[in-house]
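The values are calculated or read from the model by the stated rules, or taken from the named source; none is laboratory data. Here the structure is a predicted model, which is why all the values come from computation and not from measurement. Neighbour counts run over all protein chains shown; Cβ positions are idealised from the backbone, glycine included. The accessibility values were calculated without ligands, DNA or RNA, using every heavy atom of the protein model including side chains. Shrake-Rupley method; radii C 1.70, N 1.55, O 1.52, S 1.80 Å.
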Amino acid sequence: TATKRADIVNFVKIAYTKQVNKAGLAKFQLPGNHPMVSQIADKWIVELWRRNADLGVPWYPDWAGLYREQDRAYKRTDEFVGSAVGNLEMLAWRHVLWPAGEANRSLFTAAKAETILKTLVTYNATAAATVANGRWEDGTWSDRTITVQADAAGGATLSLPCHGDNLLDVLSGICKIGVGGGDFDLVRTGGTTWEFRWYLGQRGVDRSSSVLFATEFGNMAEPWY
(Lines give C-alpha, C1' and ligand atoms only; values in the text may rest on other atoms or scores of the structure.)
Protein backbone atom coordinates (compact mmCIF):
# COMPACT_ATOMS: atom_id res chain seq x y z
CA THR A 1 0.00 0.00 0.00
CA ALA A 2 0.99 3.65 -0.36
CA THR A 3 0.53 6.19 2.41
CA LYS A 4 -0.04 9.85 1.57
CA ARG A 5 2.76 11.90 3.12
CA ALA A 6 1.97 15.51 2.31
CA ASP A 7 0.33 18.10 0.10
CA ILE A 8 2.93 20.69 -0.85
CA VAL A 9 1.60 24.07 -1.96
CA ASN A 10 4.39 26.35 -0.70
CA PHE A 11 6.99 25.35 -3.29
CA VAL A 12 9.31 27.94 -4.82
CA LYS A 13 8.85 26.71 -8.39
CA ILE A 14 8.01 23.62 -10.41
CA ALA A 15 8.92 22.62 -13.96
CA TYR A 16 7.98 19.40 -15.69
CA THR A 17 7.84 17.82 -19.12
CA LYS A 18 5.47 15.22 -20.50
CA GLN A 19 6.48 13.10 -23.49
CA VAL A 20 4.48 10.60 -25.50
CA ASN A 21 5.84 7.09 -24.89
CA LYS A 22 8.67 8.49 -22.75
CA ALA A 23 9.04 8.96 -19.01
CA GLY A 24 9.34 12.74 -18.83
CA LEU A 25 10.87 14.64 -15.91
CA ALA A 26 9.76 16.92 -13.07
CA LYS A 27 11.81 19.25 -10.88
CA PHE A 28 10.48 21.08 -7.85
CA GLN A 29 12.26 23.62 -5.67
CA LEU A 30 11.61 23.98 -1.94
CA PRO A 31 13.20 26.14 0.75
CA GLY A 32 16.11 24.24 2.30
CA ASN A 33 14.36 24.20 5.69
CA HIS A 34 11.09 22.76 4.36
CA PRO A 35 9.99 19.83 6.58
CA MET A 36 9.62 17.53 3.57
CA VAL A 37 13.34 17.85 2.71
CA SER A 38 14.36 15.57 5.58
CA GLN A 39 11.60 13.03 4.87
CA ILE A 40 11.39 12.42 1.14
CA ALA A 41 13.03 9.18 0.02
CA ASP A 42 14.00 7.41 -3.18
CA LYS A 43 11.08 6.22 -5.34
CA TRP A 44 8.40 8.06 -3.41
CA ILE A 45 5.35 8.58 -5.63
CA VAL A 46 5.01 12.19 -6.79
CA GLU A 47 1.87 13.68 -8.36
CA LEU A 48 1.47 17.20 -9.68
CA TRP A 49 -2.10 18.52 -9.62
CA ARG A 50 -3.49 21.58 -11.41
CA ARG A 51 -6.70 23.54 -11.69
CA ASN A 52 -7.98 26.75 -13.28
CA ALA A 53 -10.67 28.21 -11.06
CA ASP A 54 -11.28 31.14 -13.45
CA LEU A 55 -12.18 28.74 -16.27
CA GLY A 56 -14.02 26.28 -14.03
CA VAL A 57 -11.41 23.54 -14.45
CA PRO A 58 -11.31 21.42 -11.25
CA TRP A 59 -8.23 19.83 -9.72
CA TYR A 60 -6.74 17.05 -11.85
CA PRO A 61 -3.42 15.14 -11.82
CA ASP A 62 -1.32 16.45 -14.72
CA TRP A 63 1.90 14.52 -14.05
CA ALA A 64 2.89 11.46 -12.02
CA GLY A 65 6.16 9.73 -11.35
CA LEU A 66 8.81 8.68 -8.85
CA TYR A 67 11.24 10.81 -6.83
CA ARG A 68 14.87 9.89 -7.60
CA GLU A 69 17.43 12.55 -6.66
CA GLN A 70 18.13 15.95 -5.14
CA ASP A 71 20.32 19.01 -5.60
CA ARG A 72 21.22 21.19 -2.63
CA ALA A 73 22.48 24.76 -2.87
CA TYR A 74 23.75 26.75 0.10
CA LYS A 75 23.51 30.45 -0.72
CA ARG A 76 22.00 33.28 1.28
CA THR A 77 19.11 30.90 1.76
CA ASP A 78 19.36 27.12 1.42
CA GLU A 79 17.61 25.60 -1.59
CA PHE A 80 16.42 22.06 -2.28
CA VAL A 81 15.61 20.88 -5.81
CA GLY A 82 14.05 17.45 -6.14
CA SER A 83 13.89 15.48 -9.39
CA ALA A 84 11.27 12.90 -10.29
CA VAL A 85 10.93 10.69 -13.35
CA GLY A 86 7.64 9.70 -14.96
CA ASN A 87 6.05 6.32 -14.30
CA LEU A 88 7.29 4.91 -17.61
CA GLU A 89 10.84 5.11 -16.28
CA MET A 90 10.11 1.87 -14.40
CA LEU A 91 10.08 0.08 -17.74
CA ALA A 92 13.55 1.47 -18.45
CA TRP A 93 14.76 -0.45 -15.38
CA ARG A 94 14.20 -3.71 -17.28
CA HIS A 95 15.73 -5.29 -20.39
CA VAL A 96 14.54 -8.02 -22.74
CA LEU A 97 16.53 -10.77 -21.02
CA TRP A 98 15.49 -13.74 -23.13
CA PRO A 99 17.66 -15.90 -25.42
CA ALA A 100 18.22 -14.44 -28.86
CA GLY A 101 15.74 -15.59 -31.46
CA GLU A 102 13.19 -16.98 -28.98
CA ALA A 103 9.78 -16.64 -30.62
CA ASN A 104 7.38 -14.20 -28.92
CA ARG A 105 9.95 -13.31 -26.27
CA SER A 106 12.94 -11.73 -28.04
CA LEU A 107 11.84 -12.20 -31.65
CA PHE A 108 8.45 -11.31 -33.07
CA THR A 109 7.28 -12.20 -36.56
CA ALA A 110 4.21 -10.67 -38.21
CA ALA A 111 2.66 -9.77 -34.85
CA LYS A 112 0.42 -6.84 -33.95
CA ALA A 113 2.14 -3.90 -32.26
CA GLU A 114 -0.16 -4.04 -29.24
CA THR A 115 0.52 -7.74 -28.79
CA ILE A 116 4.28 -7.21 -29.02
CA LEU A 117 4.27 -4.43 -26.44
CA LYS A 118 2.09 -6.27 -23.97
CA THR A 119 4.05 -9.50 -24.36
CA LEU A 120 7.35 -7.71 -23.75
CA VAL A 121 6.05 -6.00 -20.63
CA THR A 122 4.42 -9.20 -19.35
CA TYR A 123 7.61 -11.27 -19.58
CA ASN A 124 10.07 -8.60 -18.49
CA ALA A 125 8.29 -6.44 -15.89
CA THR A 126 5.43 -8.39 -14.28
CA ALA A 127 5.04 -11.46 -12.09
CA ALA A 128 5.62 -13.58 -15.22
CA ALA A 129 9.17 -12.23 -15.66
CA THR A 130 10.84 -15.16 -13.92
CA VAL A 131 13.73 -17.54 -14.41
CA ALA A 132 11.21 -20.36 -14.08
CA ASN A 133 9.51 -19.07 -17.24
CA GLY A 134 12.80 -18.92 -19.13
CA ARG A 135 14.04 -15.37 -18.48
CA TRP A 136 17.73 -15.09 -17.67
CA GLU A 137 16.98 -13.45 -14.32
CA ASP A 138 13.88 -12.55 -12.37
CA GLY A 139 12.38 -9.20 -13.35
CA THR A 140 9.66 -9.21 -10.71
CA TRP A 141 9.21 -6.46 -8.13
CA SER A 142 9.35 -6.70 -4.35
CA ASP A 143 7.81 -3.30 -3.62
CA ARG A 144 5.33 -2.75 -6.48
CA THR A 145 3.07 -4.58 -8.92
CA ILE A 146 2.79 -4.06 -12.67
CA THR A 147 -0.06 -5.69 -14.56
CA VAL A 148 -0.95 -5.62 -18.25
CA GLN A 149 -4.27 -4.66 -19.80
CA ALA A 150 -6.00 -7.40 -21.84
CA ASP A 151 -4.64 -7.67 -25.38
CA ALA A 152 -6.93 -6.60 -28.23
CA ALA A 153 -4.28 -7.16 -30.94
CA GLY A 154 -4.41 -3.57 -32.20
CA GLY A 155 -2.00 -1.53 -34.24
CA ALA A 156 0.24 -2.35 -37.18
CA THR A 157 1.69 -5.75 -38.05
CA LEU A 158 5.43 -5.79 -37.33
CA SER A 159 8.43 -8.12 -37.17
CA LEU A 160 11.47 -7.35 -35.03
CA PRO A 161 14.26 -8.82 -32.89
CA CYS A 162 14.85 -7.18 -29.50
CA HIS A 163 17.16 -9.53 -27.60
CA GLY A 164 18.93 -7.70 -24.75
CA ASP A 165 17.44 -4.30 -25.59
CA ASN A 166 16.22 -1.84 -22.99
CA LEU A 167 12.50 -2.45 -22.50
CA LEU A 168 11.33 1.16 -22.67
CA ASP A 169 13.53 1.87 -25.69
CA VAL A 170 12.00 -1.08 -27.56
CA LEU A 171 8.44 -0.02 -26.74
CA SER A 172 9.11 3.60 -27.72
CA GLY A 173 10.77 2.53 -30.95
CA ILE A 174 7.76 0.45 -31.93
CA CYS A 175 5.45 3.39 -31.29
CA LYS A 176 7.33 6.10 -33.14
CA ILE A 177 4.80 8.22 -35.01
CA GLY A 178 2.94 6.09 -37.52
CA VAL A 179 5.01 2.93 -37.06
CA GLY A 180 3.09 0.90 -34.50
CA GLY A 181 -0.24 2.63 -34.88
CA GLY A 182 -0.70 3.41 -31.21
CA ASP A 183 0.68 4.79 -27.93
CA PHE A 184 1.14 3.33 -24.45
CA ASP A 185 1.34 4.33 -20.81
CA LEU A 186 1.85 2.98 -17.30
CA VAL A 187 -1.12 4.08 -15.20
CA ARG A 188 -1.23 3.85 -11.40
CA THR A 189 -4.38 1.96 -10.39
CA GLY A 190 -3.71 1.52 -6.67
CA GLY A 191 -1.25 2.34 -3.90
CA THR A 192 1.74 0.58 -5.46
CA THR A 193 0.05 -0.97 -8.50
CA TRP A 194 0.41 0.14 -12.12
CA GLU A 195 -1.24 -1.16 -15.28
CA PHE A 196 0.39 -1.09 -18.71
CA ARG A 197 -2.11 0.17 -21.30
CA TRP A 198 -2.22 0.50 -25.07
CA TYR A 199 -4.03 3.32 -26.89
CA LEU A 200 -4.95 2.76 -30.52
CA GLY A 201 -3.87 5.74 -32.62
CA GLN A 202 -2.32 8.90 -31.23
CA ARG A 203 -3.38 10.04 -27.78
CA GLY A 204 -4.90 13.44 -27.19
CA VAL A 205 -6.77 15.85 -29.42
CA ASP A 206 -5.29 17.73 -32.37
CA ARG A 207 -5.80 21.39 -31.45
CA SER A 208 -3.40 22.90 -33.97
CA SER A 209 -6.25 24.77 -35.66
CA SER A 210 -7.72 26.23 -32.47
CA VAL A 211 -4.84 26.85 -30.02
CA LEU A 212 -2.31 29.61 -30.67
CA PHE A 213 0.81 30.34 -28.65
CA ALA A 214 1.89 33.97 -28.47
CA THR A 215 3.38 36.34 -25.91
CA GLU A 216 0.32 38.59 -26.07
CA PHE A 217 -1.89 35.65 -25.05
CA GLY A 218 0.18 35.03 -21.93
CA ASN A 219 0.88 31.39 -22.84
CA MET A 220 4.40 31.93 -24.18
CA ALA A 221 7.40 33.69 -22.61
CA GLU A 222 10.83 34.68 -23.91
CA PRO A 223 10.68 32.96 -27.32
CA TRP A 224 13.99 32.63 -29.17
CA TYR A 225 14.20 32.24 -32.94
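Some observations on this one:
- Distance (nanometres) between label positions extended 7 Å along Cα→Cβ at V9 and T140: 4.3
- For the residues F213, F11, F80, a GNM of the chain with alpha-carbon springs under 10 Å puts the largest fluctuation on F213.
- Measuring with a 1.4 angstrom probe and ignoring ligands and nucleic acids, M220 comes out at about 80 Å² accessible.
- Cβ-placed point charges (K, R +1; D, E -1), dipole of the chain about Cα centre in debye, nearest 20: 200
- Degrees separating the helix 113-125 axis from the principal Cα axis of the chain, which is the longest one: 80
- Most mobile of G182, G190, G139 in a GNM of the chain (Cα contacts under 10 Å): G190
- Carbon/sulfur fraction of accessible area - the chain, other protein chains in place, 1.4 Å, %: 52
- Over 32 Å between alpha carbons, listed pairs K22/K112; K13/K118; K75/K176; K18/K118; K4/K118; K27/K112: K13/K118; K75/K176; K27/K112
- R0 of 45 Å, Cβ-Cβ distance R76-T215: FRET efficiency to nearest 0.05: 0.90
- Estimated FRET transfer efficiency (S38, N133; beta-carbon r; R0 45 Å; 0.05): 0.60
- Just so you know, the Rg over Rh for the chain is 1.02, from Cα atoms, with Rh as the Kirkwood radius.
- Calculated FRET value between R50 and A156, using beta carbons and R₀ = 45 Å, to 0.05: 0.85
- Helical runs (DSSP H, four residues minimum) scored at -39500 (n - 2.57) apiece and divided by the length of the chain put the mean residue ellipticity at 222 nm at -3000 deg cm²/dmol.
- Placing a label point 7 Å from the Cα of R68 along the Cα-to-Cβ direction, the residues of segment 1-27 whose backbone N falls under 19 Å of that point are 14-27.
- Cα gyration tensor shape of segment 12-69, rounded if a/c is under 1.5, else prolate or oblate by comparing a/b with b/c: oblate
- Here segment 177-207 is scanned for amide nitrogen atoms under 14 Å from the site 7 Å beyond the Cα of Q19 along Cα-to-Cβ, giving 177.
- Heavy atoms of the protein chains alone define the surface here; on that basis the chain has 60 Å² accessible area per residue at 1.4 Å probe size.
- Per-residue accessible area (protein heavy atoms, 1.4 Å probe) orders I174, I8 as I8, I174, starting from the largest.
- In this rough spin-label picture, where each label sits 7 Å from Cα along the Cβ direction, the W224-K27 distance is 1.4 nm.
- In the chain, Cα pairs under 8 Å separated by at least six residues give a relative contact order of 17 percent.
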